[in-house]
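*Asks:* Sharing a structure with you now.
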Protein chains: 2
Amino acid sequence: MRKLFQEELHNLGDQLSDIAVLVAEAMEKAYRSFETADVQLAEEVIAADARIDAKQNDLDEKAIELLALQGPVASDLRLIVGALRMSTSLERMGDLARHIAQLTRLRYPDTVAPAPLVEVYREMAEKDVAIAKKLVELMVTRQLDLVPQINALNEQINDLHAGIFITIARPEWDASAATTADVTLASRYFERFGDHGVSVARKIQYLVTGEWEAAPTA
Amino acid sequence: MRKLFQEELHNLGDQLSDIAVLVAEAMEKAYRSFETADVQLAEEVIAADARIDAKQNDLDEKAIELLALQGPVASDLRLIVGALRMSTSLERMGDLARHIAQLTRLRYPDTVAPAPLVEVYREMAEKDVAIAKKLVELMVTRQLDLVPQINALNEQINDLHAGIFITIARPEWDASAATTADVTLASRYFERFGDHGVSVARKIQYLVTGEWEAAPTA
């Protein structure tokens, strides 16, 4: 009985890292569609988000079933509740990738980002994808030195996000107001993706060490 | 023992509605600070958000304790997991009120919203506050006719949000790019607040009826 339960817990971890793999893929494709105004790829990301949502539901049902059937205690309980929380954050990261793809579709055949910002978004997106991939690695290996790496990437994303507002406020910024609004939302989506990644990493760290680290400065 | 457990569950519900009361208050004050550039009031909202976060932590700890100590089954379990999820959404609503207050502080002594948008934001904020107050009522009374009212308010907020982008895209929109960016973010914050409210309302409905209604169209 106990052995079966440990197996089920292990499966829960696998389900979680499967979702993280899909999320990394979603952001990678969403960004590619965004940079190149590839509306087919954008549609693919939008459609694939339903799969992430379905997988989150499966995981949540499984977790609640484990809580109900097993009456787990202490560390097992913490793990199951942690899995429920992480699945919520991952699902939200999938939504944000979808939002990027939806902006792409909305502005097609134009690209969303005007030339002066292309490089900044590319950097943000690369760091977002790196965060999602490091989450998968963290889930599989529990190598806690990945956590500060994820935090550092997120801080770099925050700096890039702030930089976009500085660019927008410059006198030479001559994009239309509609573009300015798009650019602001896109930056916010890339930035929030990183925040959720940090939040998942902190939960894994907590599960491994049993202790909360101080939250990285927002 | 059973009676004590029911009492604890009841307390969990009270903790949840206490947080919802604070969230309604936070959004009400955040909007007032935003409309009038009242930086003291904005600071008050920003400081008070830590109280919401602390109350969410207390609730989560209590919920996990109940899961651990009682090994609850079926409907009780659903209720505790539901409380954990709702507390996350409410905490996020508090964050969004804080973001509105932070925008106010950033632009002080100017107001964030230019004159043509003041009325739209007022409507959005009033509907957000109404949603938060209806959540409190729903938690206390379990009157399920409040759920479609909350959904309807959120759809009105979505329409107002879309309207802001139409205003921005008009040739007569002559605000600076920095203002356009602020206005976009503010609109997004008001809009997301309503989404989280809908999500909490759906969870309460699920707890009362045991059935998921189809999600309202996003």
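*Asks:* Being assigned to a helix (DSSP H, G or I), free of Cβ contacts under 8 Å to residues at least 60 places away in the same chain, more than 14 Å from every other protein chain (Cβ to nearest Cβ) and open to solvent by 50 Å² or more (accessible area, probe 1.4 Å), is that true of even one residue in region B:153-165?
*Replies:* Within region B:153-165, one or more residues are assigned to a helix (DSSP H, G or I), free of Cβ contacts under 8 Å to residues at least 60 places away in the same chain, more than 14 Å from every other protein chain (Cβ to nearest Cβ) and open to solvent by 50 Å² or more (accessible area, probe 1.4 Å).
*Asks:* May I pose another question? Out of all the residues in region B:49-83, which are surrounded by 19 or more Cβ atoms within 10 Å (Cβ to Cβ) and within 19 Å of B:LEU103 (Cβ to Cβ)?
*Replies:* Selection gives B:ASP49, B:ILE52.
*Asks:* Also, I was wondering about something else. Looking only at region A:174-202, filter to residues that are within 10 Å of chain B (Cβ to nearest Cβ) and either in contact with a Lys or Arg (Cβ under 6 Å, 6 or more places away or on another chain) or not in a helix (DSSP H, G or I) (or both); which one of those is most open to solvent (accessible area, probe 1.4 Å)?
*Replies:* So the residue we want is A:ASP174.
*Asks:* Consider only pairs whose beta carbons are under 6 Å apart and that are at least six residues apart or on different chains; among these, list those whose first residue lies in region B:183-197 and is touching a residue at least 24 places away in the same chain (Cβ under 8 Å) and whose second residue is among the aromatic types (Phe, Trp, Tyr).
*Replies:* none
*Asks:* Restricting attention to region A:81-99, does a residue exist that is in a helix (DSSP H, G or I), of a type in the set (Ser, Thr, Tyr) and without any contact (Cβ under 8 Å) to a residue 40 or more places away in the chain?
*Replies:* Going residue by residue through region A:81-99, those that are in a helix (DSSP H, G or I) are A:81-99.
Now restrict to residues that are of a type in the set (Ser, Thr, Tyr): A:87-89.
Among the residues that remain, those that are also without any contact (Cβ under 8 Å) to a residue 40 or more places away in the chain are: A:88.
Yes, region A:81-99 contains a residue that is in a helix (DSSP H, G or I), of a type in the set (Ser, Thr, Tyr) and without any contact (Cβ under 8 Å) to a residue 40 or more places away in the chain.
*Asks:* From the list B:LEU106, B:LEU59, B:LEU117, B:LEU79, which residue is touching a Leu at 6+ places or on another chain (Cβ under 7 Å) and either closer than 20 Å to B:LEU22 by Cβ or at pLDDT 95 or above (or both)? Write out each step before concluding.
*Replies:* Values: B:LEU106 fails: touching a Leu at 6+ places or on another chain (Cβ under 7 Å); B:LEU117 fails: touching a Leu at 6+ places or on another chain (Cβ under 7 Å); B:LEU79 fails: either closer than 20 Å to B:LEU22 by Cβ or at pLDDT 95 or above (or both).
So the residue among B:LEU106, B:LEU59, B:LEU117, B:LEU79 that is touching a Leu at 6+ places or on another chain (Cβ under 7 Å) and either closer than 20 Å to B:LEU22 by Cβ or at pLDDT 95 or above (or both) is B:LEU59.
*Asks:* So if I check each of A:GLN149, A:GLN205, which one is more than 22 Å from B:ALA162 (Cβ to Cβ) and either outside any helix (DSSP H, G or I) or open to solvent by less than 60 Å² (accessible area, probe 1.4 Å) (or both)? Step through it out loud before you land on a result.
*Replies:* Numbers: A:GLN149 fails: either outside any helix (DSSP H, G or I) or open to solvent by less than 60 Å² (accessible area, probe 1.4 Å) (or both).
Going through A:GLN149, A:GLN205 in turn, the sole match is A:GLN205.
*Asks:* On the basis of being open to solvent by 30 Å² or more (accessible area, probe 1.4 Å) and away from chain A (no Cβ under 14 Å), does B:ARG170 make the cut? Full working, then the answer.
*Replies:* Working: open to solvent by 30 Å² or more (accessible area, probe 1.4 Å): yes; away from chain A (no Cβ under 14 Å): no.
The answer is no for B:ARG170.
*Asks:* A:ALA37 versus (1) over 22 Å from A:GLY197 (Cα atoms); (2) touching a residue at least 40 places away in the same chain (Cβ under 8 Å); (3) open to solvent by 60 Å² or more (accessible area, probe 1.4 Å): which is the lone unmet condition?
*Replies:* Evaluating A:ALA37 over (1) over 22 Å from A:GLY197 (Cα atoms); (2) touching a residue at least 40 places away in the same chain (Cβ under 8 Å); (3) open to solvent by 60 Å² or more (accessible area, probe 1.4 Å) leaves (3) as the failure.
*Asks:* Out of region A:72-121, which residues are away from chain B (no Cβ under 12 Å), within 17 Å of A:ALA50 (Cα to Cα) and in contact with a Ser or Thr (Cβ under 7 Å, 6 or more places away or on another chain)?
*Replies:* A:ALA101
*Asks:* Let me ask something else about it. Residue check: is B:GLU61 away from chain A (no Cβ under 12 Å) and part of a helix (DSSP H, G or I)? Break it down into steps so the answer makes sense when it comes.
*Replies:* Details: away from chain A (no Cβ under 12 Å): no; part of a helix (DSSP H, G or I): yes.
The answer is no for B:GLU61.
*Asks:* Follow-up question, since we're still on this one. Say we look at region B:1-29 and pick out the residues that are modelled with pLDDT under 90 and hydrophobic (A, V, I, L, M, F, W, C); which of these is nearest to the chain's Cα centre (by Cα)? Spell out how you get there, then give the answer.
*Replies:* The first filter runs over region B:1-29 and keeps only residues modelled with pLDDT under 90, leaving B:1-10.
So of that shortlist, the ones also hydrophobic (A, V, I, L, M, F, W, C) come out as B:1, B:4-5, B:9.
On the way: B:MET1: 35, B:LEU4: 31, B:PHE5: 29, B:LEU9: 23 Å.
Out of the qualifying residues, it is B:LEU9.
*Asks:* Would you check if B:ARG32 is modelled with pLDDT of 95 or more and either surrounded by 18 or more Cβ atoms within 10 Å (Cβ to Cβ) or assigned to a helix (DSSP H, G or I) (or both)?
*Replies:* Considered against the rule, which asks whether it is modelled with pLDDT of 95 or more and either surrounded by 18 or more Cβ atoms within 10 Å (Cβ to Cβ) or assigned to a helix (DSSP H, G or I) (or both), B:ARG32 comes out as yes.
*Asks:* Here is a follow-up. Within region B:100-136, track down each residue that is under 14 Å from B:VAL45 (Cβ atoms), part of a helix (DSSP H, G or I) and open to solvent by 30 Å² or more (accessible area, probe 1.4 Å).
*Replies:* Result: B:GLN102, B:ARG105, B:LEU106.
*Asks:* Mind telling me which of the residues B:LEU146, B:LEU66, B:LEU160 ends up being in contact with an Asp or Glu (Cβ under 8 Å, 6 or more places away or on another chain), at pLDDT below 95 and among the hydrophobic types (A, V, I, L, M, F, W, C)?
*Replies:* Working: B:LEU146 fails: at pLDDT below 95; B:LEU160 fails: at pLDDT below 95.
So the residue among B:LEU146, B:LEU66, B:LEU160 that is in contact with an Asp or Glu (Cβ under 8 Å, 6 or more places away or on another chain), at pLDDT below 95 and among the hydrophobic types (A, V, I, L, M, F, W, C) is B:LEU66.
*Asks:* Find the residue count for region A:18-28, including only residues that are closer than 16 Å to A:ARG98 by Cα and either open to solvent by 50 Å² or more (accessible area, probe 1.4 Å) or of a type in the set (S, T, N, Q) (or both).
*Replies:* 3
The values are calculated or read from the model by the stated rules, or taken from the named source; none is laboratory data. All figures in this text were calculated on a predicted structure; none of them were measured in a lab. A quick note on method: Cβ atoms are made from the backbone with ideal geometry, for glycine too, and the neighbour counts reach across all protein chains shown. Keep in mind that these areas ignore ligands, DNA and RNA; they rest on the heavy atoms of the full protein, side chains included. Shrake-Rupley method; radii C 1.70, N 1.55, O 1.52, S 1.80 Å.
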